[in-house]
Amino acid sequence: MSETSFTPRVFSGIQPSGNLHLGNYLGALKRFVDWQEKDVETIYCMVDLHAITVWQDPAKLRHATRELCAGFIAAGLDPARSILINQSQVPEHAQLAWIFNCVARMGWMQRMTQFKDKAGKNAQNASLGLFAYPALMAADILIYHATHVPVGEDQKQHLELTRDIAAKFNHDYGVDFFPMTEPVIEGAATRVMSLRDGSKKMSKSDPSDASRINMTDDADAIAKKIRKAKTDPEGLPSEAKGLEDRPEARNLVEIYAAFAEQSVDQVLAELGGKQFSEFKPLLADLAVSKLAPISAEMSRLMDNQDEIDRILTRGAERARAITAPILRRTYDIVGMVPPVQV
Ligand code: TYM
């Protein structure tokens with residue numbers, strides 16, 4: 001395995017800790033499909049070990065992991081072309097994470113805004129796993145020597161930390177073994193905001209279901225949530241700069257642009273001047289036309305969960321052909337005695 005030049009390889013992951021929502025879809029999953037269509041190896045992961053950094057009901061976690069896999073496939077990921085795995089079936093992720101726990105510094109982890117947000121005021125009561133979360137994320141990526149990681153905006157700090165961990169490992173051991181991974185934060189909707197409050201990101205942990213569109217919502221629910229989405233009294237501007245200081249308006253236009261695969265300027269050139277009473281039904285129709293086939297396919301796939309389990313098992317076998325040699329070499333660099341034939 002080359003230690004100086006890295007072939008392009010894409011890795012990303014989503015937590016099976018609740019419903020997939022529109023932010024996950026536009027910010028991540030849709031981009032995963034774009035990468036699959038390029039001539040590059042793609043590996044996508046349901047990060048169940050990350051999910052349990054906060055409490056998960058075991059039966060719900062199993063269900064959510066299978067449903068997430070169904071969502072991946074329904075959105076266009078092809079298990080023959082992309083490697084689809086759940087993290088716990090590829091043990092090298094957790095094994096490399098331990099090494100990285102010994103490379104990353106406490107101070108680096110303490111700066112992670114996602115830890116501060118998730119732990120809240122009671123950080124002393126948060127799990128040790130939640131604190132170490134970004135080291136496992138770095139291991140997810142680097143156990144494949146992945147070079148590109150498509151994510152939404154909120155993962156940027158974790159990806160910077162991944163580079164810091166790779167750089168410190170390479171420096172401390174005097175090697176050029178782990179690549180400097182590129183975060184890929186692209187598209188019109190890298191930060192989809194809550195439909196009820198344009199200052200908060202759309203998230204599965206928001207107590208208000210009206211704040212997000214779930215991938216399992218039916219056409220009526222999607223249309224209703226868009227109709228009720230918060231906006232301001234003005235109409236659509238004809239240029240992007242007219243959306244400054246109008247977070248709710250900006251959010252709806254970005255969602256439209258991402259679905260239509262246009263830039264915000266292209267959307268406004270076409271629809272500028274319309275009132276939200278006219279724009280919202282257009283957005284609802286577009287969203288339903290894109291999401292309804294995905295949610296129908298998800299529920300069809302969930303009728304055959306044995307097939308989902310087979311896909312994940314095959315994915316793990318293919319993944320381990322990559323991860324096992326990289327872990328062996330890492331152990332060797334660090335100074336572990338390897339097993340011998342007896
Ligand atoms: P998670 O499960 O919170 O989110 C999965 C992906 O969805 C993106 N995303 C959003 N994008 C735009 N607008 C939003 N409102 C929004 N909400 C979520 C996230 O940026 C992410 O890309 N730590 C990761 C999972 C992970 C991972 C990895 C990702 C574990 N290991 C290795 C990449 C590489 C997470 O919690 O994502």
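The values are calculated or read from the model by the stated rules, or taken from the named source; none is laboratory data. Keep in mind that what you see is a predicted model, and the values were worked out from it rather than measured. Here Cβ is always computed from backbone atoms with ideal geometry, including for glycine, and neighbour counts include all displayed protein chains.
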- When you go through ALA94, ALA132, ALA139 one by one, which is the residue that is within 14 Å of the ligand (Cβ to nearest atom), within 20 Å of the chain's Cα centre (by Cα) and crowded, with 20+ Cβ neighbours inside 10 Å? ALA139
- Task: Considering (1) surrounded by fewer than 15 Cβ atoms within 10 Å (Cβ to Cβ); (2) not in a loop (DSSP other than H, G, I, E, B), say which one LEU268 fails and leave the rest.
- Result: (1)
- Residues in the range 195-216: is at least one under 27 Å from ASP332 (Cα atoms), surrounded by 20 or more Cβ atoms within 10 Å (Cβ to Cβ) and among the charged types (D, E, K, R)? no
- Go through the range 1-57 and give me each residue that's near the ligand (Cβ under 8 Å from one of its atoms) and either modelled with pLDDT under 95 or of a type in the set (S, T, N, Q) (or both). SER12, GLN15, SER17, ASN24
- Item | Of all residues in the range 217-247 being within 16 Å of the ligand (Cβ to nearest atom) and in a loop (DSSP other than H, G, I, E, B), the one that is surrounded by the fewest Cβ atoms within 10 Å (Cβ to Cβ) | LYS230
- Task: Can you tell me which residue among ALA139, ALA221, ALA146 is touching a Ser or Thr at 6+ places or on another chain (Cβ under 7 Å) and aliphatic (A, V, I, L, M)?
- Result: ALA146
- Name the pairs: first residue in the range 177-193 and more than 24 Å from LEU252 (Cβ to Cβ) and near the ligand (Cβ under 8 Å from one of its atoms), second residue of a type in the set (D, E, K, R) and at pLDDT 95 or above, Cβ to Cβ under 9 Å, at least 6 apart or on different chains? none
- Does ILE143 fit the bill of being touching a Leu at 6+ places or on another chain (Cβ under 6 Å), closer than 21 Å to PRO325 by Cα and touching a residue at least 40 places away in the same chain (Cβ under 8 Å)? yes
